[in-house]
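Engineer: One structure coming up, written as structure tokens, with questions to follow.
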Amino acid sequence: MGGVISAEDPKWIEPFWGLTEVQFARLVALVRRRGGDVQRGRPWRLSLEDRVLPVATYWRTNLTLRQVAPLFGVSKSAADRILDHLAPLLAISPARRPRKETVYIVDGTLVPTRDRTVAASSKNYRYSTNLQVVIDANSRLVVAIGLPLPGSRNHCRAFTESGVDRARRGALTIADGGYQGTGLLIPHRKRRGQTHLNPQQEAENAVHRRARARVEHALSRLKNWKILRDCRFKGNGVHQAMLGIARLHNLTLT
């Protein structure tokens, strides 16, 4: 049975990956360097390019693998093998040591998931997981994504427990008021008995809001991938999907 979608036809690349042909070729080369073409067990029916594409299709559409597999002319079990093999190879690289002038921005986002071992009932969704995301304020690239935590976990605890605090490595990091007590740069808040902030504090908060909007925009673009709106993965699957989607987000910006 032949597939309907193939990377040989460039028209399929942008709708599912959001990348140009050149960016897609760079991504495939990266996956190849990371061992994506290593042959173990049964030979792959699809080329590496056509194995990379179904992963994005699954993340972009959130269709089940039983629905995705016929689009590429493979069985459901083969699509499952492709996803397990390639998803970890698409993850963003660990954050490098930042330069002295580097400024980061951090925020958390709730991803609805059905795996209750990493989820909890939260204010936005029935069951969700809290994922902490760090971006570079200048380039807007995603620098690090924390391990998934229950959605009821507040940002102060999630920042350290998820591990993203280690990616900061002393760099100036901007955050919202929910990160009070973490040592991050948060907006001025009115103290007890104080009715108004002074003009300088108001001006600094305005600058802070404009800068922090960049992480909100990044999270919005990441959430365009429908797998992050109702994730069926269990265990580390939601984290791997987020790391891979962050890689694609970064590629579109470079």
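The values are calculated or read from the model by the stated rules, or taken from the named source; none is laboratory data. All values derive from a computational prediction rather than experimental measurement. Every residue, glycine as well, gets a Cβ built from its backbone with ideal geometry; the counts of neighbours run over all protein chains shown. With ligands, DNA and RNA removed, areas are computed over all heavy atoms of the protein, side chains included. Shrake-Rupley method; radii C 1.70, N 1.55, O 1.52, S 1.80 Å.
Engineer: So how many residues does the range 121-144 have that are open to solvent by less than 20 Å² (accessible area, probe 1.4 Å) and within 19 Å of Asp230 (Cα to Cα)?
Structural biologist: Restricting attention to the range 121-144, the residues satisfying the condition of being open to solvent by less than 20 Å² (accessible area, probe 1.4 Å) are 128-135, 137, 142, 144.
From what is left, the residues that are within 19 Å of Asp230 (Cα to Cα) are 128-133.
Of the residues in the range 121-144, 6 are open to solvent by less than 20 Å² (accessible area, probe 1.4 Å) and within 19 Å of Asp230 (Cα to Cα).
Engineer: Tell me, yes or no, whether the range 42-54 has at least one residue that is in a helix (DSSP H, G or I), of a type in the set (A, V, I, L, M) and over 25 Å from Cys231 (Cβ atoms).
Structural biologist: Let us first name the residues in the range 42-54 that are in a helix (DSSP H, G or I), namely 48-54.
Filter again for of a type in the set (A, V, I, L, M), leaving 48, 52-53.
Those left that are additionally over 25 Å from Cys231 (Cβ atoms): 48.
Within the range 42-54, one or more residues are in a helix (DSSP H, G or I), of a type in the set (A, V, I, L, M) and over 25 Å from Cys231 (Cβ atoms).
Engineer: Select from the range 224-244 the residues that are among the hydrophobic types (A, V, I, L, M, F, W, C) and within 16 Å of Val164 (Cβ to Cβ) and write down the one among them that is most open to solvent (accessible area, probe 1.4 Å).
Structural biologist: Start the filter on the range 224-244 by keeping residues that are among the hydrophobic types (A, V, I, L, M, F, W, C), which leaves 225, 227-228, 231, 233, 238, 241-243.
Okay, now just the ones that are also within 16 Å of Val164 (Cβ to Cβ), so 238, 242-243.
Values: Val238: 2, Met242: 2, Leu243: 31 Å².
Filtering first and then ranking leaves Leu243.
Engineer: If you check Arg157 against the conditions, is it in a helix (DSSP H, G or I) and either open to solvent by 60 Å² or more (accessible area, probe 1.4 Å) or aliphatic (A, V, I, L, M) (or both)?
Structural biologist: Details: in a helix (DSSP H, G or I): yes; either open to solvent by 60 Å² or more (accessible area, probe 1.4 Å) or aliphatic (A, V, I, L, M) (or both): yes.
Here the answer is yes, as Arg157 does meet what is asked.
Engineer: When you check Gln180 against the structure, is it among the polar types (S, T, N, Q), at pLDDT below 95, under 16 Å from Asp107 (Cβ atoms) and open to solvent by 80 Å² or more (accessible area, probe 1.4 Å), yes or no? Steps first, please.
Structural biologist: Values: among the polar types (S, T, N, Q): yes; at pLDDT below 95: yes; under 16 Å from Asp107 (Cβ atoms): yes; open to solvent by 80 Å² or more (accessible area, probe 1.4 Å): yes.
Considered against the rule, which asks whether it is among the polar types (S, T, N, Q), at pLDDT below 95, under 16 Å from Asp107 (Cβ atoms) and open to solvent by 80 Å² or more (accessible area, probe 1.4 Å), Gln180 comes out as yes.
Engineer: So, in the range 65-113, of the ones that are hydrophobic (A, V, I, L, M, F, W, C) and in contact with a strand residue (DSSP E or B) (Cβ under 8 Å, 6 or more places away or on another chain), which residue ends up nearest to Thr182 (Cα to Cα)?
Structural biologist: Val106
Engineer: Is at least one residue of the range 213-227 among the aromatic types (Phe, Trp, Tyr), in a loop (DSSP other than H, G, I, E, B) and at pLDDT 90 or above?
Structural biologist: Residues of the range 213-227 that are among the aromatic types (Phe, Trp, Tyr), as a first pass: 225.
Those left that are additionally in a loop (DSSP other than H, G, I, E, B): 225.
Okay, now just the ones that are also at pLDDT 90 or above, so 225.
Checked against the condition, which is being among the aromatic types (Phe, Trp, Tyr), in a loop (DSSP other than H, G, I, E, B) and at pLDDT 90 or above, the range 213-227 yields at least one hit.
Engineer: A further question follows. Restricting to the range 37-73, what's the tally of residues that are touching a residue at least 60 places away in the same chain (Cβ under 8 Å) and not β-branched (Val, Ile, Thr)?
Structural biologist: Qualifying residue count, the range 37-73: 9.
Engineer: At pLDDT 90 or above and surrounded by 15 or more Cβ atoms within 10 Å (Cβ to Cβ): which single residue out of Leu19, Leu86, Leu46 fits that description?
Structural biologist: On the way: Leu19 fails: at pLDDT 90 or above; Leu46 fails: at pLDDT 90 or above.
Every option except Leu86 fails the conditions.
Engineer: Looking only at the range 4-27, decide whether some residue is in contact with a Ser or Thr (Cβ under 6 Å, 6 or more places away or on another chain), part of a loop (DSSP other than H, G, I, E, B) and within 16 Å of Ile245 (Cβ to Cβ).
Structural biologist: Within the range 4-27, the first condition is being in contact with a Ser or Thr (Cβ under 6 Å, 6 or more places away or on another chain), and the residues that meet it are 16, 18.
Now restrict to residues that are part of a loop (DSSP other than H, G, I, E, B): 18.
Those left that are additionally within 16 Å of Ile245 (Cβ to Cβ): 18.
Yes: the range 4-27 contains one or more residues that are in contact with a Ser or Thr (Cβ under 6 Å, 6 or more places away or on another chain), part of a loop (DSSP other than H, G, I, E, B) and within 16 Å of Ile245 (Cβ to Cβ).
Engineer: Okay, next question. Please go through the range 114-144 and give me each residue that is touching a helix residue (DSSP H, G or I) at 6+ places or on another chain (Cβ under 8 Å), closer than 17 Å to Lys223 by Cβ and outside any loop (DSSP other than H, G, I, E, B), ordered by number.
Structural biologist: Correct list: Thr129, Asn130, Leu131, Gln132, Val133, Val134, Ile135, Val142.
Engineer: Let me ask something additional. Please find, among Arg169, Arg221, the residue that is open to solvent by 40 Å² or more (accessible area, probe 1.4 Å), in contact with a Pro (Cβ under 8 Å, 6 or more places away or on another chain), in contact (Cβ under 8 Å) with a residue 24 or more places away in the chain and not aromatic (Phe, Trp, Tyr).
Structural biologist: Working: Arg221 fails: in contact with a Pro (Cβ under 8 Å, 6 or more places away or on another chain).
So the residue among Arg169, Arg221 that is open to solvent by 40 Å² or more (accessible area, probe 1.4 Å), in contact with a Pro (Cβ under 8 Å, 6 or more places away or on another chain), in contact (Cβ under 8 Å) with a residue 24 or more places away in the chain and not aromatic (Phe, Trp, Tyr) is Arg169.
Engineer: Could you go through the range 58-70 and let me know if any residue there is of a type in the set (Phe, Trp, Tyr) and either more than 20 Å from Ile245 (Cβ to Cβ) or in a loop (DSSP other than H, G, I, E, B) (or both). First the steps, then the outcome.
Structural biologist: Here is the first cut: in the range 58-70, the residues of a type in the set (Phe, Trp, Tyr) are 58-59.
Pick out the ones that are also either more than 20 Å from Ile245 (Cβ to Cβ) or in a loop (DSSP other than H, G, I, E, B) (or both) and you get none.
Taking every residue of the range 58-70 in turn, none turns out to be of a type in the set (Phe, Trp, Tyr) and either more than 20 Å from Ile245 (Cβ to Cβ) or in a loop (DSSP other than H, G, I, E, B) (or both).
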